[in-house]
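The values are calculated or read from the model by the stated rules, or taken from the named source; none is laboratory data. This one's a predicted model, so the numbers in the text were calculated from it and none came from an experiment. To get the accessible areas, we keep the full protein, side chains included, count just its heavy atoms, and leave off ligands, DNA and RNA. Shrake-Rupley method; radii C 1.70, N 1.55, O 1.52, S 1.80 Å.
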Amino acid sequence: MIALDDTDRAILEELRRDARSSMTAIADAVHISRAGAHARIKRLTDAGVITGYTVRTDPVLLGHHASAYVTLAIEQATWQAVSDRLRAIPEIEHMALVGGDFDVILLVRANDARDLRRIVLEDIQAIPSIRSTRTTLIFEDYTRE
């Protein structure tokens, strides 16, 4: 693990805000040289702090008019097999193993309510180690930039 200073955190915040920012723009925003910004980003990438770059999209404009959080209770010691099966379901946008009243939480994006029903009842609940599911519909969501 590497120690992060305020400049590293500021660089990461700039990249989270806009991963397409130029090296010059990042350097200017955090008040360091372009070479310094480049070296820090390389160090953060080599250390595994930065794992990749992505794009945020609007799920509704992509045709996903039904979204839900689906929580799962699974049989103990089956997480690896369950996660492998869940990763094969393209509509699952995010998956986390958690502690609490349930074991797994999923963010599912579907075309419509009928598609969401199919994903939950036919794809997710078909996995043998899943004991129960609970679906919570999302009416509106927000992602911090």
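Across the chain, the relative contact order, built from alpha-carbon pairs under 8 Å that are at least six residues apart, equals 24 percent. Contact order for the stretch 51-122, expressed relative to its length and based on alpha carbon pairs under 8 Å spaced 6+ residues apart, stands at 39 percent.
The solvent-accessible area of Asp115, taken with every protein chain present and a 1.4 Å probe, is close to 20 Å². Among the listed values (i) 37, 33, 32; (ii) 54, 37, 24; (iii) 53, 35, 27, the one computed from these coordinates for Cα extents along the principal axes in Å is (ii).
Here the gap between Ala35 and Arg117, fully extended at 0.36 nm per residue and compared with their Cα-Cα distance, gives a gain of 24.4 nm.
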